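S.K.: Have a look at the structure that comes next, please.
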Amino acid sequence: MKKKDQMLAKIKRQQEITDGARAANRDLTDDETREFNNLQGEIDALRPQVEEEERQATITAERNRVAEINAICRQVGMEPDNYIKDGSTVEAVRKAALDQMIQRGQPSGVHVTQDEGDKVRAAAVDGLLMRAGVTVQKPTDGAREFQGMSLRDIAIESMTRSGNHSASELLRMSKSDLYDMASREFFNPSAAFPAILDEAIKKAIVEPYTHAGTTFERWTRKGSLSDFKPTPDHDYVLSGAQDFEKVPENGELKESEFSTEKLPQRKLDTYGRSFSMSRQAFINDDIGFIATVPGRFAQAAKRTINKQCYQLLYNNAAVFDGKAFFSADHKNLLTTGTGMTSAAIKAMRQKLRTQTDQFGEAITLTPNFLILPVSEQYDNDLVSIFMSPTIQTTENTQAANPLYRQNYDIIEDNTLNVLAGSNACPWFMGDKGVPCVKVDYLNGNETPNVRRSEKARTLGFIWDFWLDWGITATDFRSMVKNPGVAL
């Protein structure tokens, strides 16, 4: 509720109190007097806020009037300064523009070359984004002119430049009628106004997607697949005991033996949603739609990937060899869950550093990151574990801390807290050099796709929004799980 409405409601209540007493032919009671005085104090406090609110509303209205007058005058070659100074309304300027066009016999439209049209659309896109509050690096020449234009003005400018409609025809239209015409052009792939909205939306999703606040990128590996077919789940590998052997003079090289090994099967799926810009949003000139809604969809796509990566760790489903990701068979699971302790860190390091390949041969893994739920207690424990040069021994003496200044990337994500709820919340240690999870994208494209969509009996401009990805557990050896405790 606006401050003015709040103040009027309190004044109305004061009037009800006095009217009630007057109707009963009596003075105000103590309770009524107390309430009346309290209301007066609140009214006095609200009064300067109401004045400021009205001042801001007046400034906004004037800015909108100036912007619309500038846009109208620019379209027909009129000088806007006099209309702005004398306080002319937008409707009065629109009528003057129409009269001037009729007097001049202005042609119905001006055709431009494809290059000129592209430049104008690019300027309109950047101007639209800047008005919506999106940062545009190196705006196209002419973008500043479009920055002050409403959606209605940009639609008129686009349709006029196409040569299919006259400016006088479009200026006479109400916002509702203009929306209906823009809707008909929406399904024309060469129409300028829909193309401007398309490009603005595509540009608006890049920054929100990049800064979506996800953490899966810090411990997974990005991959690329060229189609949606599952990758082969077998591959040829060298069999065990394949050390190079000494060859005596004139000796014979032994032939290596190969076997097929079951490997992870990677596959892409498509995820997406559709969204629309309503008729009301167009008529209300809801420019914030361009900056907020597509960006939120982009962030939702990336957060979905993030959630699926952590679900893979938390749910601990069977992987390519039919065994649970973290299990005794895989030698990557602590038997008992613990909180953040030096003993737990050491036990997890030992498991990771003593892993072997499928033939029992030694491999080298370097623990260098921890995946943790969000916990103030864990944060404090980590300071003691890694930043204290000494530790207390069981004999109550000080000894050197073997974990002092160990270099670990600490990755905290609230997704684990949400997945665990009131249950034990696991945490993990791993080696970034051998990622255990791969996130594949179709042809390496990790930016969401956007296209115009047709939907019958729907009142609004509609876009489809989708992204192709797949998440696969690729190597269980490079991560260890601590089942954790309830936080």
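The values are calculated or read from the model by the stated rules, or taken from the named source; none is laboratory data. In this text, all values refer to a predicted model and were calculated from it rather than measured experimentally. Cβ coordinates were reconstructed from backbone atoms using ideal geometry, including for glycine residues, and neighbour counts include every protein chain displayed. All accessible areas refer to the heavy atoms of the entire protein, side chains included, with ligands and DNA or RNA removed. Shrake-Rupley method; radii C 1.70, N 1.55, O 1.52, S 1.80 Å.
S.K.: Among the residues of segment 337-360, is any in a strand (DSSP E or B), of a type outside the set (Phe, Trp, Tyr) and at pLDDT 95 or above? Before you say what the answer is, go through the steps one by one.
M.R.: Filtering segment 337-360 down to residues in a strand (DSSP E or B) leaves 356.
Retained after the next criterion (residues that are of a type outside the set (Phe, Trp, Tyr)): 356.
Imposing the further condition that a residue be at pLDDT 95 or above reduces the set to none.
No; the residues of segment 337-360 include none that is in a strand (DSSP E or B), of a type outside the set (Phe, Trp, Tyr) and at pLDDT 95 or above.
S.K.: Among (1) closer than 27 Å to Asp5 by Cβ; (2) touching a residue at least 24 places away in the same chain (Cβ under 8 Å), which single condition is Glu62 missing?
M.R.: All conditions pass for Glu62, except number (2).
S.K.: If a residue has to be within 22 Å of Asn417 (Cβ to Cβ) and either surrounded by 13 or more Cβ atoms within 10 Å (Cβ to Cβ) or under 35 Å from the mean Cα position of the chain (by Cα) (or both) to count, how many in segment 328-343 make the cut?
M.R.: Let us first name the residues in segment 328-343 that are within 22 Å of Asn417 (Cβ to Cβ), namely 333-334, 336-341.
Applying the additional criterion that residues be either surrounded by 13 or more Cβ atoms within 10 Å (Cβ to Cβ) or under 35 Å from the mean Cα position of the chain (by Cα) (or both) yields 333-334, 337-341.
Within segment 328-343, residues that are within 22 Å of Asn417 (Cβ to Cβ) and either surrounded by 13 or more Cβ atoms within 10 Å (Cβ to Cβ) or under 35 Å from the mean Cα position of the chain (by Cα) (or both) number 7.
S.K.: How many of the residues making up segment 465-487 are of a type outside the set (D, E, K, R), assigned to a strand (DSSP E or B), touching a helix residue (DSSP H, G or I) at 6+ places or on another chain (Cβ under 9 Å) and modelled with pLDDT of 90 or more?
M.R.: Final tally of qualifying residues: 11.
S.K.: Pull out all pairs, ordered by first then second residue, where Cβ-Cβ is under 6 Å, the residues are six or more apart or on different chains, the first lies in segment 127-147 and is among the basic types (Lys, Arg), and the second is part of a helix (DSSP H, G or I).
M.R.: Arg131/Gln147
S.K.: Here's another thing I want to ask about it. May I ask you to list the residues in segment 253-274 that are open to solvent by 90 Å² or more (accessible area, probe 1.4 Å), assigned to a loop (DSSP other than H, G, I, E, B) and either under 30 Å from Phe461 (Cβ atoms) or at pLDDT 80 or above (or both)?
M.R.: Correct list: Gln265 only.
S.K.: Within segment 392-403, is even one residue within 40 Å of the chain's Cα centre (by Cα), surrounded by 13 or more Cβ atoms within 10 Å (Cβ to Cβ) and not β-branched (Val, Ile, Thr)?
M.R.: yes
S.K.: Only one of (1) at pLDDT 75 or above; (2) farther than 30 Å from Ala182 by Cβ; (3) β-branched (Val, Ile, Thr); (4) surrounded by 12 or more Cβ atoms within 10 Å (Cβ to Cβ) is not met by Val247, so which one is it?
M.R.: Result: Val247 fails condition (4) only.
S.K.: When segment 314-327 is examined, which residues are found to be open to solvent by 50 Å² or more (accessible area, probe 1.4 Å) and modelled with pLDDT under 95?
M.R.: Ala317, Ala318, Asp321, Gly322, Lys323
S.K.: Does segment 275-313 hold any residues that are surrounded by fewer than 16 Cβ atoms within 10 Å (Cβ to Cβ) and among the aromatic types (Phe, Trp, Tyr), and which are they?
M.R.: Of everything in segment 275-313, nothing turns out to be surrounded by fewer than 16 Cβ atoms within 10 Å (Cβ to Cβ) and among the aromatic types (Phe, Trp, Tyr).
S.K.: Something else about it: So which of Thr89, Thr140 is among the β-branched types (Val, Ile, Thr), more than 28 Å from the chain's Cα centre (by Cα), open to solvent by 40 Å² or more (accessible area, probe 1.4 Å) and at pLDDT 80 or above?
M.R.: The unique qualifying residue is Thr89.
S.K.: Between a first residue in segment 357-380 that is over 21 Å from Lys481 (Cβ atoms) and a second residue that is modelled with pLDDT under 95 and small (Gly, Ala, Ser), which pairs have beta carbons less than 9 Å apart while being 6 or more apart in sequence or on different chains?
M.R.: Note: pairs meeting the criteria are Phe359/Ser239; Phe359/Gly240; Phe359/Ala241; Gly360/Gly240; Glu361/Gly240; Glu361/Ala241.
S.K.: Failed condition for Leu372, given (1) touching a helix residue (DSSP H, G or I) at 6+ places or on another chain (Cβ under 7 Å); (2) modelled with pLDDT under 95, with all others met?
M.R.: All conditions are met except number (2).
S.K.: Would you mind stating whether Ile462 is more than 29 Å from Gln350 (Cβ to Cβ), assigned to a strand (DSSP E or B) and among the aliphatic types (A, V, I, L, M)?
M.R.: yes
S.K.: Could I ask something else about it? Is it true that some residue in segment 200-215 is touching a residue at least 24 places away in the same chain (Cβ under 8 Å), under 24 Å from Lys432 (Cα atoms) and in contact with a strand residue (DSSP E or B) (Cβ under 7 Å, 6 or more places away or on another chain)?
M.R.: yes
S.K.: For segment 363-390, how many residues meet the condition of being assigned to a strand (DSSP E or B), aliphatic (A, V, I, L, M) and open to solvent by 50 Å² or more (accessible area, probe 1.4 Å)?
M.R.: So the count comes out to 0.
S.K.: Name the pairs whose Cβ atoms lie under 8 Å apart, with the first residue in segment 431-451 and touching a residue at least 24 places away in the same chain (Cβ under 8 Å) and farther than 30 Å from Val480 by Cβ, the second in a loop (DSSP other than H, G, I, E, B) and small (Gly, Ala, Ser), and 6 or more positions between them or separate chains?
M.R.: Filtered contacts from segment 431-451: Leu442/Ser226; Asn443/Ser226.
S.K.: Just one of the numbered conditions (1) among the basic types (Lys, Arg); (2) surrounded by fewer than 15 Cβ atoms within 10 Å (Cβ to Cβ); (3) closer than 30 Å to Thr135 by Cα is not true of Lys346; which one?
M.R.: The single condition Lys346 does not satisfy is (3).
S.K.: Taking the condition within 30 Å of Gly127 (Cβ to Cβ), in a helix (DSSP H, G or I), open to solvent by 80 Å² or more (accessible area, probe 1.4 Å) and without any contact (Cβ under 8 Å) to a residue 40 or more places away in the chain, does Arg22 pass? Even if it seems obvious, please write down each step before you answer.
M.R.: Numbers: within 30 Å of Gly127 (Cβ to Cβ): no; in a helix (DSSP H, G or I): yes; open to solvent by 80 Å² or more (accessible area, probe 1.4 Å): yes; without any contact (Cβ under 8 Å) to a residue 40 or more places away in the chain: yes.
When the stated conditions are applied, Arg22 does not pass them.
S.K.: Can you list the helices (runs of 4 or more DSSP H) lying wholly within segment 118-188 that have 2 or more residues being of a type in the set (Gly, Ala, Ser) and more than 21 Å from Phe461 (Cβ to Cβ)?
M.R.: Passing ranges, in order: 167-172.
S.K.: Mind checking whether some residue in segment 424-436 is at pLDDT 95 or above, closer than 25 Å to Arg266 by Cα and open to solvent by 40 Å² or more (accessible area, probe 1.4 Å)?
M.R.: no
S.K.: Can you find a residue that is modelled with pLDDT of 85 or more, of a type in the set (Asp, Glu) and open to solvent by 40 Å² or more (accessible area, probe 1.4 Å) anywhere in segment 64-80?
M.R.: Within segment 64-80 (the criterion being modelled with pLDDT of 85 or more, of a type in the set (Asp, Glu) and open to solvent by 40 Å² or more (accessible area, probe 1.4 Å)), the answer is no, since none of the residues qualifies.
S.K.: Given the condition open to solvent by less than 20 Å² (accessible area, probe 1.4 Å) and over 22 Å from Ser183 (Cα atoms), answer yes or no: does some residue in segment 146-160 qualify?
M.R.: no
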